[in-house]
Amino acid sequence: MADLESRIETLENKFCEVYGVSPETVVRAPGRVNLIGEHTDYNDGYVLPIAIDRDILITAAPSDESAVCLYSLNFDRVSVFSLGNIARDRVNKWSNYTRGVVQMLQRSGRKIRGANLAIQGDIPHGAGLSSSAALEVASAMVFQSLNDFEMDGAEMALLCQKAENQFVGVNCGIMDQFISRLGAKNHALFVDCRTLDHEAVPLAKQGIKVIVADSMKKRDLVDSEYNMRRAQCEEAVSLLRTYLPGIKALRDVSIADFKRYGRQLPPTVRRRAEHVVSEDDRVLRSVDALKKGGLTLFGKLMNQSHESLRELYEVSCRELDALVDAALKIPGVYGSRMTGAGFGGCTVSLVADDAVEDFLEKVPVEYKARIGVTPTIYVCTPEGGAEVLADGLECPGSEIDG
């Protein structure tokens with residue numbers, strides 16, 4: 001992986017080559033991995049993600065045109081749209097995340113002027129590390145920088161989520177945009193998905209790594225099964241309301257409530273609800289454990305989360321289970337679980353520094369022996385959220401901007 005400084009230099013030079021002028025700003029927005037709190041966000045529950053050291057970079061400058069021109073270094077493609085008529089690009093689909101953000105900024109009353117952008121990312125596409133949210137957040141920050149309007153982090157995250165929901169057409173929760181914008185270095189971010197209250201929770205600055213393992217299995221069935229799980233959770237709330245009249249979502253059901261009334265639910269609906277209720281409790285216990293430096297307890301909670309996702313929510317698969325099994329055989333792995341929607345995608349493991357080499361050597365070998373495919377492994381560190389990195393750049397050999 002190229003270091004950030006060299007990536008910025010490459011992107012700046014490409015901007016100058018494509019547009020013939022100097023970029024005025026550089027913005028980065030990170031991807032994310034969720035440590036614990038899966039399928040809780042759309043139940044008004046709790047999540048605990050980190051921003052990771054994989055990100056989207058955008059260099060930009062205003063233009064005199066009433067249009068936005070996007071150049072992707074990854075795809076080596078250009079996509080242009082008019083500010084007066086923003087429509088989806090069916091060919092350059094990557095551009096729709098920026099298009100949606102600009103449309104939502106206009107609808108929020110912000111006046112947006114034409115601009116030229118160059119985009120580059122090192123977040124693996126399709127690995128479940130939220131490259132789409134990072135692109136949305138980076139786009140919003142670029143236009144904030146170029147147009148000098150006020151917008152706090154929570155409002156920006158909500159606007160980016162709206163862009164993905166209403167323009168791109170993906171019914172995501174708030175977690176991905178929230179952590180990309182508001183992440184803190186060496187911290188996880190505890191988020192209440194109902195109130196949007198959030199708190200940075202310290203992770204050990206030294207001694208541990210977060211390792212993401214990509215199963216390389218395409219996440220099929222996600223849309224249909226995701227919609228089914230949402231419907232089952234809503235059914236559970238509707239049925240439990242007979243006994244708990246004040247509840248609005250499963251987040252309002254305590255462990256004690258569920259032990260008392262859960263047997264009133266149909267078996268499959270009961271399993272789904274049990275996962276969500278117990279997962280919310282695990283997130284709260286995880287926050288407490290991390291504040292006290294309790295990595296062993298936190299690891300156990302991660303393991304319990306995976307068991308619940310496998311047995312109760314039934315969104316794991318043999319590939320994800322194989323990765324978790326292989327990880328937990330390594331001394332120094334505190335915990336491991338699937339992360340994301342499920343049916344493929346990635347696992348996340350909390351690993352002691354002195355066990356990382358063992359993990360990188362043994363997990364891929366065991367996984368390939370069981371599944372027949374070599375996983376892709378990413379060793380990550382918790383990074384800060386989106387930021388403007390530089391202003392007043394100049395093309396090499398140019399005297400523009402003095």
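Helix 4-19 and the long axis of the chain differ in direction by around 40°, with both axes built from C-alpha atoms. Annotation: average projected area of region 327-375 is 3.4 square nanometres, based on the convex hull of Cα atoms across all directions. Of all lysines in the structure, those lying under 20 Å Cα to Cα from Lys368, and not within fewer than 8 positions of it along the same chain, are Lys217, Lys218, Lys329. Here the Karplus curve 6.51 cos²θ - 1.76 cosθ + 1.60, taken at θ = phi - 60°, turns the phi angles of region 312-321 into couplings of 9, 8, 6, 10, 7, 7, 5, 5, 5, 4 Hz, with x standing for Gly and Pro. Taking a sphere under 15 Å around the Cβ of Met104 and counting the other residues whose Cβ falls inside, with K and R at +1 and D and E at -1, yields a net charge of +4.
Using all pairs of distinct alpha-carbon atoms, the Kirkwood hydrodynamic radius of region 87-150 works out to 12.6 angstrom. Summing charges over all other residues whose Cβ lies under 12 Å from the Cβ of Val348, with Lys and Arg as +1 and Asp and Glu as -1, gives +1.
On a per residue basis, the chain carries 42 Å² of accessible surface, using protein heavy atoms and a 1.4 Å probe. Panel note: the C-alpha atoms of the chain, placed on their principal axes, show extents of 71, 50, 39 Å (largest first).
For the chain, excluding the exposed loop sites themselves (GluC sites (Glu not before Pro), DSSP loop, at most 10 other Cβ atoms within 10 Å), the longest remaining stretch covers 151-398. Beta bridges from DSSP with both residues in the chain: antiparallel share about 90 percent, rounded to the nearest 5. Give the Debye-formula value of log10 I(q)/I(0) at each listed q (0.19 Å⁻¹), with one equal scatterer per alpha carbon of region 32-190, two decimals each. At q = 0.19 Å⁻¹ the computed log10 ratios are -1.21.
Counting only residues at least eight positions apart within a chain, or on another chain, the lysines with an alpha carbon under 23 Å from that of Lys185 are Lys205, Lys209, Lys291, Lys292. Zone of Ser66 (label point 7 Å along Cα→Cβ, backbone N under 20 Å): which residues in region 129-152? 147, by backbone N distance to the label point.
The chymotrypsin sites (Phe, Trp or Tyr not before Pro) of region 157-262 that DSSP puts in a loop, and whose beta carbon has at most 16 other beta carbons within 10 Å, are Tyr243.
Please work out whether region 215-336 counts as rounded, prolate or oblate from its C-alpha gyration tensor, where a ≥ b ≥ c are the square roots of the eigenvalues and a/c under 1.5 means rounded, while otherwise a/b larger than b/c means prolate and anything else oblate? Verdict is oblate for region 215-336. Largest first, the three principal axis extents of the alpha carbons in region 119-246 are 51, 38, 33 Å in whole numbers.
The values are calculated or read from the model by the stated rules, or taken from the named source; none is laboratory data. Owing to the predicted nature of the structure, the values given are computational and were not obtained by experimental measurement. We place every Cβ from the backbone using ideal geometry, glycine too, and count neighbours over all the protein chains shown. Just so you know, the surface numbers come from the protein's heavy atoms only, side chains and all, with ligands and any DNA or RNA stripped out. Shrake-Rupley method; radii C 1.70, N 1.55, O 1.52, S 1.80 Å.
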